[in-house]
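Structure record follows, encoded as structure tokens.
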């Protein structure tokens, strides 16, 4: 019998003295009998040398080796089928021992270190933190490099490293936020409107030239609404903030179909013709109706209307001239606008904000705003001075408004002490408060003007580790840390006063309070941040822009389709969460959200308008569930081709929660040779003939084949499109567009464990036959997102409990969010 | 877009730059080329380094010749660089020993296989990359110690000594602004104030995080310690920026587009990045650049119907290989153009090309097989004794780190080791 050197003295290489654990004799014998044939010093197959691997579970990497040994045994993957098999009781005994050891080690680590390593905020969290704290709408995330995804999410501590760049950027972002919070000049909140006549009057020559006229009191446009030609714009806004844009209009000659009106933002750097549409509203046909949107608009910029469905101005005017058509003879689709109005900035509750803005009050309380010239020491008012309101912008820029404090020292101290606990999301010890008060006193004493000293110290506060880090200590999270974790989970931002009040009362961890707070947070508009952030990362929707479909292969693709597809998935997630519907609906549902563009794309019965509506799906639609959403089908393709490998990998990771194993290290790499393989099926079969490739592909490829009947933009297909111009032409359904037909798509495949599916519907049924797998995956994803750490060995029973409870609650998604929040992993660091 | 290929920089270019903006002595761009060519070859002058990284390999059968030396037979790809024959060296049989897959990317310039050294408390721990190491040694005299620019990559390529990844600036317009566009006097004054504040904010940050760390476990403490090294570097950056605030930025005759080109616009994007890199050297704004190029998506090249990633995983399918070659040829043409513009840029009595070590490398040799042996490694410029094609054993590769040591020495850095080096490569 070989000696088993499991207990080896710790090497000097280790950072801390580590003690390896005892391995009982039975376990040693088991390893020797069933594992060492391949995984010993001499052979160390797959790079694993169990003989020398220390049983040192405090060492993260060694622990992960043992975890994978446990899983391989547990899943029956090891020992390999052709090798000697342990008797079931023998194997169970070994697994039970190893499982206990791994659990104990994992729990011990969690108790000592906390299961979530200390982490900084993501760039989105930092942006929301400053926005909520200062009541501003400034974009800040682009100051920072993109955060690295770890375990699929940007919130996972392992990926959130600090580069020197970050420290510079926190300061820049905080500076920008603080400047935006204080208006440079006085302004009146905007409340303005234009009627039809005024719209025409703004640009009569261009409008007339491109097919516009007045009809009674309405402005009628026949060509599309595009900046800078036929642009119907609101006023420029005085200040960055939320604005409500309201339009009273009517679609004419649209076959009684609602007219889709787009709202775009005209940015300082917008290019002519096609600013991006940020919201769609359906205007009724043949009778005037009023629609409105709330948009974030940057100071000095404006909203412009976009009429996508109207033909290009050159087409319209050419036709009108050629046929010598007068306005009263025109009977093609057009848009009549009676009024466009804008109001804002708006407060959180939707009402108009008063001057000075909330953002100013958040920092300066009730101090007055004065031109800087009037705040100089020794200033005495000049009776002949121009009243400030009459100044122009240049004069204001030269002498901007600043906060004025009759007694700067007193005001500064009070404001700093008030702001600190809000910014740090917890009470701030006196000593720490004093360090900031000392800073500003020193600055004022040195002669720095009040406003500059304040901005400097507030910037310091906003760059403090108490803002940038989530401050959690090992063990049970105390009230403030819990409030903070909950807010960053469900709002992707900081806790509000109500949450902090619960933290102060110390009752947040009580089940009924926690329950009620989760409901309150989920019902708040800020929950949209969670829905969007989680969905985008879980389903990879961040990549929606990553590829542009080949316009020769997919001429029907347009931006509206992409925007609608993304909206479908977002609406879908929201609906499931709001209704506490079953998470199995992510795999299959008999409903979805569509607008007319998507309904046409999916070749489904007509839906009117561009606003998304919940619709029931016909039984034979092949749609339902996120796998068949155009958004998901687009992000899993490259714009020209689909790959069952990429789509299969996506389903494994995102839906089944399986990370396909990496190819074994010591297997010689064989370059796949797919020459002579015409179809993707034959190509992949050939690919899998190499054992190195097969180990992953046998798992990854089959789910991908289930989606083979969907093209790169999520359309249903029975054949592949080809760039070959000599290929036969086929007309697309509900369209005049023709495409070139290539090979036929073969439907169906077999799963890794040999179950056959004939098409995507049957594959979805196979998925639904194992609901626990789907629930486990979603629970794992939610835990990872919510806690900033992936599921660890000791967490596994807890996940199983959530799955079990979820099953008894009909797999409701909202219930699962509650379960995650109530779980040990959420309540402890 | 106005791309100026002319090499003698217009005098106006410098006049507008202001008196103190440039370390002019070694820039000789204003002399007519014939005159400067008459000058004797320089023995000194600033050394520079640019690392160009592409992450999907180069199709080996189209790249590597069989004949070693300057008289190598032209291959499909090398013919695109034929005008530069003699001023570059292509290496066969060189790789990072022991690398095997996509994850070789973060180790391309560190020479250390990251998963072998992964520290349990630092999931993405690597060691210092070549650009950062060189920048530490020779990056002191310029406005920017180094630049990390280009298309974003899946894993980072630039790593600090403590193993923190340095993010890539992916917006060429932003890089251009940073290098060449001055702020208004008010902005400059604010900048000075900002830098001053910045140092004080960092001091406060360190103190508060130390207090915070005291309540944390050992693993978190080491994460915070790691962060301190980044803070120290941020402080150094502030000091450096402060010393440059009163110097106007150099002005260049170059028009950047209003918007950054899409990733699909491969030619526009690579031209822009290469030009910005060249201008950054030409104005001595920095001496070390890491430029990442390539994109897994589908470039907007005429006739291209698939993404780069898809084409690179060709499985020997000839149609796919054709598509791959279209992309790689476009990239090599851009690289050739870069070499040309570097040669046309005079620097003192030398050229920017001869002063600059240019490395074009990929962490994959064959993306289709995910292999990392026989990497496509090409060194140009830099004043080396270029050999055309250096042929090492394709079965038993030479460590790429040995070439890095050679490069360090050429850059005037007295190093005997780097990454996984076992010696120094003396071929060039």
Worksheet item: Using alpha-carbon positions, what is the distance between the centroids of the stretch A:764-829 and the stretch A:466-524, in Å?
Response: 20 Å
Discussion item. With 10 angstrom as the radius, rank A:81, B:221, A:112 by how many other C-beta atoms surround their C-beta, starting from the fewest.
Written reply: A:81, A:112, B:221
Worksheet entry | Spacing of the two label points (7 Å from each Cα toward its C-beta) at residue A:613 and residue B:417, in nm | 7.3 nm
Worksheet item: With contacts defined as alpha carbon pairs under 8 Å and 6 or more residues apart, what's the relative contact order of chain A in percent?
Response: 12 percent
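Given the peptides B:283-291, A:748-756, arrange them by the average over their residues of other C-beta atoms within 10 Å, most packed first. Don't skip to the end; give the middle numbers.
Working: B:283-291: 25.3, A:748-756: 13.3.
Put in order of decreasing packing, that is B:283-291, A:748-756.
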Response to the item:
Distance in Å, no decimals, from the C-alpha centre of the stretch B:197-274 to the one of the stretch A:332-368 is 36 Å
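How much FRET efficiency would the formula 1/(1 + (r/R0)^6) give for residue B:239 and residue B:169, where r is the Cβ-Cβ distance and R0 is 22 Å, rounded to 0.05?
On the way: r = 21 Å, r/R0 = 0.95.
Calculated transfer efficiency: 0.60.
Restricting to the protein assembly as shown, compute how many DSSP beta bridges are antiparallel as a %, nearest 5.
Working: 80 of 105 bridges.
If I count the DSSP bridges inside the protein assembly as shown, around 75 percent turn out antiparallel.
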Worksheet item: Based on DSSP H runs of at least 4 residues, each adding -39500 (n - 2.57), what is the mean residue ellipticity at 222 nm of chain B after dividing by all its residues, to the nearest 500 deg cm²/dmol?
Response: -11500 deg cm²/dmol
Discussion item. Given the C-alpha atoms of the protein assembly as shown, compute the convex hull and give its volume per residue in Å³.
Written reply: 204 Å³
Worksheet item: If you find the alpha carbon centre of the stretch B:372-428 and of the stretch A:609-654, how far apart are they in angstrom?
Response: 48 Å
Item to complete: Only helical DSSP H runs with n ≥ 4 go in: add -39500 (n - 2.57) per run for chain A, normalise by residue count and round the 222 nm mean residue ellipticity to 500 deg cm²/dmol.
Response: -12000 deg cm²/dmol
Response to the item:
Between residue A:438 and residue A:206, the two model label points (7 Å from Cα along the beta-carbon direction) sit apart by a distance in nm of 6.0 nm
Item to complete: Could you please rank A:560, B:358, placing first whichever residue has the fewest other Cβ atoms within 10 Å of its Cβ?
Response: A:560, B:358
Discussion item. I need B:310, A:37 ordered by Cβ neighbour count within 10 Å, fewest first.
Written reply: A:37, B:310
Worksheet item: Just counting partner chain Cβ atoms within 10 Å, what average do the residues of peptide B:198-209 show around their Cβ?
Response: 6
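So if each residue of separation counts as 0.36 nm, and I subtract the Cα-Cα distance between residue A:497 and residue A:246, what length gain in nm does that give? Write down the numbers at each step before the final one.
On the way: separation 251, 0.36 × 251 = 90.36 nm, distance 3.22 nm.
Residue separation times 0.36 nm, minus the Cα-Cα distance, leaves 87.1 nm.
Read-outs throughout are calculated quantities, based only on the coordinates presented, and are distinct from any laboratory measurement. Only a predicted model underlies this, so the values are computations on that prediction, with no experimental measurement involved. Counting neighbours? That spans all protein chains shown, and the Cβs are built from the backbone with ideal geometry, glycine included.
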